[in-house]
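Everything below concerns the one structure shown next.
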Amino acid sequence: MVTFRKISHYLVALLIAISGITYSQVKNTPVSNSKVKKQSFPQFNIAPSGGAVFPLTRDFRSDFKPGGIVGLDMGVKINKEVGIYSKFNYMFMSSKKSGAPIGQYMEFSAGPRYYFTHPKLKSQVYFEGGAGAYYFKQNSYIDPIDATITVNQVSQTNAGINGGIGASLYLSDVVNILAKSKYHNVFTKTGSVGFMTLNAGIEFTIK
């Protein structure tokens, strides 16, 4: 519960930071009587990123510590408000069990993205949802309590869904800063596993 509260505070802080940047950019953008340059669509983007993963559901949280992420987003913006994306994330978490190897998650997902736009603002906030495959692996290891017992390797692929918010912070017409937070729910044979991810990276746009 304490961990969940801390993560919630981090998420609220992220939202406040994004909102502050958005407000600042709107406030400081000079009004121009000239015509706004019309954007051309579709726009393709690719974004390498890194970040952190936080186990949330009880069993998952009791087995693993928060870990790291390396990811890659690819997408296409169809118009000002709507886009489609696909994503790969490699996540690694140290085990809380003595002597146990790290747990590894690989996420392959895709879905829609909805942008909240402002005529004076080049930076954008968006919501995205997705679905896909989540592959989990943990190598076999010797039980630290009973050396005669070998815990078998875990290797399984399950379906999952995700959703969250993100921001594309404008640097230039072709380079932006990507930041987003998402909740993931992976369905398993015994129930589901939930965790939160925080990603940040550089987004390259191809118009």
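From the list Tyr141, Tyr134, Tyr114, which residue is touching a residue at least 40 places away in the same chain (Cβ under 8 Å), closer than 22 Å to Met74 by Cα and of a type in the set (Phe, Trp, Tyr)?
Details: Tyr141 fails: closer than 22 Å to Met74 by Cα; Tyr114 fails: touching a residue at least 40 places away in the same chain (Cβ under 8 Å).
Exactly one of Tyr141, Tyr134, Tyr114 is touching a residue at least 40 places away in the same chain (Cβ under 8 Å), closer than 22 Å to Met74 by Cα and of a type in the set (Phe, Trp, Tyr), namely Tyr134.
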Failed item in (1) part of a loop (DSSP other than H, G, I, E, B); (2) loosely packed, with under 14 Cβ neighbours inside 10 Å, with Ala100 passing the rest: (2)
Residues that are closer than 18 Å to Ala179 by Cα and either among the hydrophobic types (A, V, I, L, M, F, W, C) or free of Cβ contacts under 8 Å to residues at least 12 places away in the same chain (or both), drawn from the range 61-81: Ile69, Val70, Leu72, Met74, Val76
Ile202, sole failed condition from (1) more than 19 Å from the chain's Cα centre (by Cα); (2) under 30 Å from Thr117 (Cβ atoms): (1)
Filter pass, Ser181 being within 20 Å of Ser95 (Cα to Cα), assigned to a strand (DSSP E or B) and not aromatic (Phe, Trp, Tyr): no
Conditions (1) in a loop (DSSP other than H, G, I, E, B); (2) surrounded by 13 or more Cβ atoms within 10 Å (Cβ to Cβ); number of the one not met by Ile145: (2)
Filter result for Thr157 (in contact (Cβ under 8 Å) with a residue 12 or more places away in the chain, among the polar types (S, T, N, Q), in a strand (DSSP E or B) and exposed (fewer than 14 other Cβ atoms within 10 Å of the Cβ)): yes
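No value in this document is a laboratory result; all are computed from the given coordinates. This is a predicted model, so every value here is computed, not measured. Every residue, glycine among them, receives a Cβ derived from its backbone with ideal geometry; neighbour counts consider all protein chains shown.
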